[in-house]
Structure formats: structure tokens, C-alpha cells
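The values are calculated or read from the model by the stated rules, or taken from the named source; none is laboratory data. Remember, predicted model here, so these are calculated numbers, not experimental data. FYI the Cβ positions are ideal-geometry reconstructions off the backbone, even for glycines, and counts take in every protein chain you see. All accessible areas refer to the heavy atoms of the entire protein, side chains included, with ligands and DNA or RNA removed. Shrake-Rupley method; radii C 1.70, N 1.55, O 1.52, S 1.80 Å.
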Amino acid sequence: MPHTKRRPTKAIFPVAGLGTRFLPATKSIPKEIMTLIDRPLIQYAIDEAREAGIEEFIFVTSRGKSALEDYFDEAPHLKAELEHKGKDDLLKVLEKTNMASGAIAYIRQTQPKGLGHAVWCARRLLGDEPFAVILPDDIIQAETGCLKQMVEAYEGIGGNMVAAMEVPPSKASAYGILDVAEDMGRVVSVKAMVEKPAPGTQPSNLAVIGRYILAPAVMDALDGASTGAGGEIQLTDAIAAQIGSGGVYGYRFDGQRYDCGSKAGFLQATIAFGLERPDLRDELAAFLSEIVPARDAAE
Ligand code: G1P
């Protein structure tokens, strides 16, 4: 199957979730528009995808997500104003939010039936070629973007590839977990996958993180798929169905992952990214070194 080793050029971004963990903020703004320092979460995902060579961006959205469409649209008034004021630096920042006509597509998931179902909603926009899936909640701080690392490994391996990371055993039930056939270091081959295993039943502590490179056969497996963990159609199950045919590999990426679907994870990411920014790091570090000991002393 030579086509399975081609680099993916299309990526699916499932962004239909209600974001209830961030209510009331998400009552009127999509979670993906919430800002990590000064960029919406979705911009990090797009930047990572572009770095990996993705050219077409497919958003699986739902009601109430129109702010996402506006975000990636041209903003002529804003542009004219910035040009008039000679704010070239800000014009450059805005450039990253632009999408060429036809490079971005929005598809609605009309019922919340799970991640597998969300990905399946994009099936008609994909050809017979591998595609990427990026979950924007998973923010990965890395020198080389996680998806780019995976694309490079995928070109030599093919099949289906998921980002993987060791998690504490007590947290395994929150993830898709890999049952490893062969551990080759950075890459592992997978003999089974289980979505959200009951506590204590996980086959390993190697969890799936939200970056995938998948063969088109995964869409076939999602056609008429039955529900899995949590009563939802699970992407993990459709990938697991490829183990005997195309093969499934986990890729231990280089980088730090933050779960921006949780408040604590979002805060951690904000601090970690802030400490990397030349314009913020000194002030933030000074503040942290003051506030943390003060809090410890008060306890
Ligand atoms: C999803 C996937 C799960 C994966 C996780 C990574 O779960 O279903 O396999 O481990 O993302 O963030 P969710 O977090 O949407 O429940």
C-alpha cells in the first residue's frame, strides 16, 4: 500500500465540543478561541499543522462556533486601520490568521456522538490519502512541532500513527491507552488499543495524545461504527481495527504536552509559554519567585 506513506496534506480539527468545563466563558465564546497568552488555542494547532506541511484545514464544528470562522477570515477594516497607523508588526501577526480561499472548510457535527463520529463527518472532504487529526485541547510545546516529528517518522513507516506519552497509572482511565507489541524507543508498534480503560485495567501507561496520522481505511471503519466507551463513537476503536491490516504505531514525541481542556492544564500552559516569551519571561519569573514562596509561607 504505497499511498499510506505519503505525507498528509489535510488535517481535521474536531472543534464541536461545548467546552462545559470552561463555563461561563464558553457560553458565548468557543473554547478554541480562548487565549493562551495572546493567541487563541486554535492558532497553536494551525501553526503546528502548517509547520508539518498541512495545506487544507477541515474544522468539524457545531452551533455557536461562528467566532472561529470570523477568526480565520480577512478583516479589511482592521487591516486598513493598522496600515494607516503604520503598525507593520501587528499586520505581520495578523497574517498568520489568514487562510487562502479554499484552504479551509467547515463541516457541522449536528449531534454530539463522540470523536470518532466528528472525524467521520469530514469523510467526503478527504481523498484516498492519509490525513492528520489534531485535537486543539492538547497543546504541545516543542522545538519541532509534534505533528512534524510524526510526519517525518511516518514517511518511513506508513500505516497509522498516534502521538503517545507515558501518563501516571492513576490518570490512564482518562485516555486511549496502547497495548505495545514492540517497543523500538521513539516508535512502538501496537497490538491493541483501549479507550478510557476502567481504573487498574490499562494494558500500559502509554496514552494517546491528540495528534494522529491516519490511513483512509479508518474512515471505512467509522462507517456505521457502533458506540464504545462512554456511549460514544470512538476514534480509538476505528484505529484499533487497523492493527491487523495497515498497522498502528505510537510515536513518543519530543516536547511537553498541556491539557488545555482542563483549567489546571490551561494555567500551566500559560505559565510555561509565558516563561518562553522574551517579552514576558523576566516579569513573569520574578512574579512567580515572589508569589510561590509567599503562598508556601502562608500555609
Ligand atoms: C480523546 C481521545 C483519547 C485521547 C485523548 C487525548 O479523549 O478519545 O483517546 O487519549 O483525547 O487528549 P478526550 O480527551 O476527548 O476525552
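Counting every Cα pair in the range 228-267, what percent are over 13 Å apart?
Summing the P(r) tail past 13 Å for the range 228-267 gives 70 percent.
Using alpha carbon coordinates only, what is the Rg to Rh ratio of the chain, with Rh defined as the Kirkwood radius?
0.98
For the chain, with the dipole built from +1 on Lys and Arg beta-carbon atoms and -1 on Asp and Glu ones, taken about the Cα centre, which of Gly255, Val167, Thr20 lies farthest toward the positive end?
The listed residue farthest towards the positive side: Thr20.
Over the alpha carbons of the range 185-256, what is the largest minus smallest coordinate on each principal axis, giving the biggest first in Å?
Projected onto its principal axes, the Cα set of the range 185-256 covers 35, 30, 23 Å.
Determine which residues of the range 60-75 fall in the zone a paramagnetic label at Leu90 would reach in this model, i.e. backbone nitrogen under 16 Å from the point 7 Å along Cα→Cβ.
Within reach of a label on Leu90: 75.
Stokes-Einstein D for the range 123-194 at 25 °C, 0.890 mPa s, Kirkwood Rh over Cα pairs, in µm²/s?
172 µm²/s
Based on the alpha carbon coordinates of the range 1-144, what radius of gyration and maximum Cα-Cα distance (Dmax) apply, in Å?
Spelled out, the Cα radius of gyration and Dmax of the range 1-144 are 16.2, 55 Å.
Holding the Cα-Cα limit at 25 Å, pick out from Lys92/Lys148; Lys5/Lys113; Lys31/Lys191 the pairs that are longer than that.
Checking Cα-Cα distances, Lys5/Lys113; Lys31/Lys191 exceed 25 Å.
Which net charge results for the neighbourhood of Lys5, defined as the other residues with beta-carbon distances under 11 angstrom from its beta-carbon, given Lys and Arg at +1 and Asp and Glu at -1?
Net charge in that neighbourhood comes out at 0.
When all protein chains stay in place, what accessible area (Å², nearest 10, 1.4 Å probe) is found for Met193?
Ignoring ligands and nucleic acids, Met193 comes out at about 20 Å².
Could you give the length gained on full extension between Ser101 and Ala272, defined as 0.36 nm per residue of separation minus the Cα-Cα distance, in nm?
Extra length available between Ser101 and Ala272 comes to 58.1 nm.
If you roll a 1.4 Å probe over the chain with all protein chains in place, what percent of the accessible area is carbon or sulfur?
Whole-percent figure for carbon plus sulfur exposure: 52.
I need the Debye-formula profile for the range 170-214: one equal scatterer per C-alpha, no solvent, reported as log10 I(q)/I(0) at q = 0.13 1/Å, two decimals.
Once normalised to I(0) and log-transformed, intensities are -0.27.
Could you give the dipole magnitude of the chain about its Cα centre, charging the beta-carbon of Lys and Arg +1 and that of Asp and Glu -1, in debye to the nearest 20?
Dipole of the chain, to the nearest 20 debye: 720 debye.
Measuring from a point 7 Å past the Cα of Glu51 along Cα-to-C-beta, which residues in the range 151-179 have an amide N at less than 17 Å?
151-154, 163-164
Please work out how much length the chain gains when fully extended from Arg39 to Ala25, using 0.36 nm per residue of separation minus the C-alpha to C-alpha distance, in nm with one decimal.
Full extension of this stretch gives 3.4 nm more.
How much area per residue is accessible in the chain when the probe is 1.4 Å and only protein heavy atoms are counted (Å²)?
Ligands and nucleic acids excluded, the result is 50 Å² per residue.
Output the relative contact order of the chain, whole-number percent, from Cα pairs under 8 angstrom with separation of 6+ residues.
Relative CO of the chain lands at 22 percent.
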